[in-house]
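The values are calculated or read from the model by the stated rules, or taken from the named source; none is laboratory data. Since the structure is predicted, the reported quantities are computational estimates derived from the model, not experimental observations. As a convention, Cβ positions derive from the backbone with ideal geometry for all residues, glycine included, and neighbour counts pool all protein chains shown. Each accessible area value is taken on the protein alone, full model and side chains, heavy atoms only, with ligands, DNA and RNA left out. Shrake-Rupley method; radii C 1.70, N 1.55, O 1.52, S 1.80 Å.
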Amino acid sequence: MHLFNIIRRSVFQLAASDGTKRRLFLIMPSRVITCRTLVLSAWLNKDSSPSATEKLDLDGWKHVMRSAQQEEATERTSQSEEDSPLAVTRELIEMWRLSGRLVPENISEEDFKTLNECPTKSSIRKYLKFLAIKENRKKADREKKEKRNEANKERMLNTQENAGGELPNTFLPKFWTRSQDAVYNWRAAQSMIFGQPLVYDMNYENYMSRREMENTVKQLMESEGANRRALDPFHLHYCNLQAGGPYHKEFVKRYGEAWDKLFVTVTEKSYVEVFPKDQLVYLTADSPNVMKTFEHDKIYIIGSIVDKSMKTGLSLANAKRLDLATARLPLDRCLQWAEGAKNLTLDQMMRILLTLKDTGNWKEALQFVPQRKHEGFVDMSSWSKQQIDTWKKTKLHEKMAGQRKAHKQFAQNFSRRQTQKNWWEDVS
């Protein structure tokens, strides 16, 4: 034991003189010492070793490092959360453009927001296709307009050269477009005082998608233009139109500064609060009552909805909830209806009502119904009741036969699709 202590003392003195421990550990096999404190040797240089009063606060240093890492992580995640949807959408659009799909070249920030709101990739693809088609149409219209302007310039130059600089002699003065607009505006202003009211119910914004709502606003703009150009226009009322809502934003976007100059009454109130109930008639295709004549003392209501999914009974339910009279156009009695739903667009309804108001002739008014939906007009005034019942049974039989044929064709296509292999499954 005495020899062991002598050897250990000499070895540690040698290591301390060199300034480093040569990792020589001589541990007695009978003793195991566990220590959690940092022990500094007495032979180390006193200038390089910390003083006995100085202590290293490891817990504080760990807390500072962890807080810094957490701040960096939160900033990184916040930036990634903000940039990731937009970046992913841009990469997806670029990938589809390289693969040859129909994608627009320029996309606005509002369209990007709409794309981020799309729930699935199929909806994103459909909306991009819609934007691409719209962009191509605008480009084609721009090119046609430029060609037309160039042709007009060439024609004016040719006429000046042939006439020798003299102006052409005209019998009637030219009627400028601004004069015509002034006449239309004067009629619309008079209709707001003396005209028959026509109400558009704007309470369907929650039942349509964004694209359906845009189509609704487009049809309403066409309806307002047709009414303004009529000889005896209606006094239009947009009821249940919430300020700052989807309808209002789309109107302001499309009309711009002209929205505040329209000869249209816009209100957030319901039509029941504005007009007496006994004068209101809700026009809906689901009504059991057939409209026979146009009444000038009634106030007709049209639901501002474009539903491709055909939400039947929606406007009828609103009218029944408010205890209003309902009516539908006599399409079955006046037209040989071929196929399709009996829902008409808003601008078609406007033209039909304007014609009925001026002439009262159903045959002339229903010319605005698309010809693809019917096979011609039917004069049932001279028919007997038996002939009318026979005609109705024949139309019902044809309708049922068409439905059976469609179901049969669908079943055949479905069975063929089940037996047919996909291209990735055909490994042979």
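Hey, can you grab everything whose amide H is under 5 Å from the amide H of residue 266? Only 5+ residues off in sequence or another chain; H modelled, so Pro and N-termini drop out.
Amide H neighbours of residue 266, under 5 Å, 5+ apart: 238.
Can you list the residues, at least 5 places off or on another chain, whose amide H is less than 5 Å from the amide H of residue 325, using H built in the peptide plane?
The list, which skips near neighbours in sequence, is 282.
Would you kindly state how much longer the chain becomes between residue 290 and residue 253 on full extension, computed as 0.36 nm times their sequence separation minus their alpha carbon distance, in nm to one decimal?
The residue 290-residue 253 span can extend by a further 9.5 nm.
If we sort 101-108, 138-145 on the protection proxy, mean other Cβ atoms within 10 Å, highest first, what's the order?
Ranking the peptides 101-108, 138-145 by packing returns 101-108, 138-145.
For region 134-285, treating each Cα as an identical point scatterer without solvent, what Debye log10 I(q)/I(0) comes out at q = 0.15, 0.16 1/Å?
-0.96, -1.03
Please report the carbon-and-sulfur percent of the accessible area for region 200-262; probe 1.4 Å, protein heavy atoms only, DNA, RNA and ligands left out.
Its accessible area is 45 percent carbon and sulfur atoms.
Using the structure shown, list the pairs from 153/373; 113/357; 147/218 with a Cα-Cα distance above 32 Å, or answer none.
153/373; 113/357
What residues from region 119-163 fall in the zone where the backbone N is under 11 Å from a label point 7 Å along the Cα-to-C-beta line of residue 95?
Of the residues in region 119-163, none has backbone N under 11 Å from the label point off residue 95.
Taking K and R as +1 and D and E as -1, what net charge do the other residues with C-beta under 13 Å from the C-beta of residue 241 add up to?
Net of charged neighbours comes to -2.
In Å, what Kirkwood hydrodynamic radius results for region 197-312 from the alpha-carbon pair distances?
15.2
Report the gain in length on full extension from residue 212 to residue 275: 0.36 nm times residue separation, minus Cα-Cα distance, nm rounded to one decimal.
19.8 nm
For region 211-218, take each phi angle, set θ = phi - 60°, evaluate the Karplus expression 6.51 cos²θ - 1.76 cosθ + 1.60, and give the result in whole Hz per residue in order, putting x for glycine and proline.
5, 5, 5, 5, 5, 4, 5, 5
Restricting attention to region 174-231, which chymotrypsin sites (Phe, Trp or Tyr not before Pro) occupy a DSSP loop and are surrounded by at most 15 other Cβ atoms within 10 Å?
Within region 174-231, the qualifying chymotrypsin sites (Phe, Trp or Tyr not before Pro) (loop, at most 15 other Cβ atoms within 10 Å) are 175, 176.
Note the count of lysine pairs whose C-alpha atoms are less than 25 angstrom apart in region 234-332, limited to pairs 8 or more residues apart or on different chains.
For region 234-332, qualifying lysine pairs total 19.
At 7 Å along the Cα-to-beta-carbon direction for both residue 325 and residue 108, put a label point, then send me their distance in nm to one decimal.
4.4
Between beta-carbons, use under 15 Å as the cut-off and find the net charge around residue 282, counting Lys and Arg +1, Asp and Glu -1.
0
Which order, highest average first, do 354-367, 233-246 follow once you tally other Cβ atoms within 10 Å for each residue and take the mean per peptide?
Highest to lowest by the protection proxy: 233-246, 354-367.
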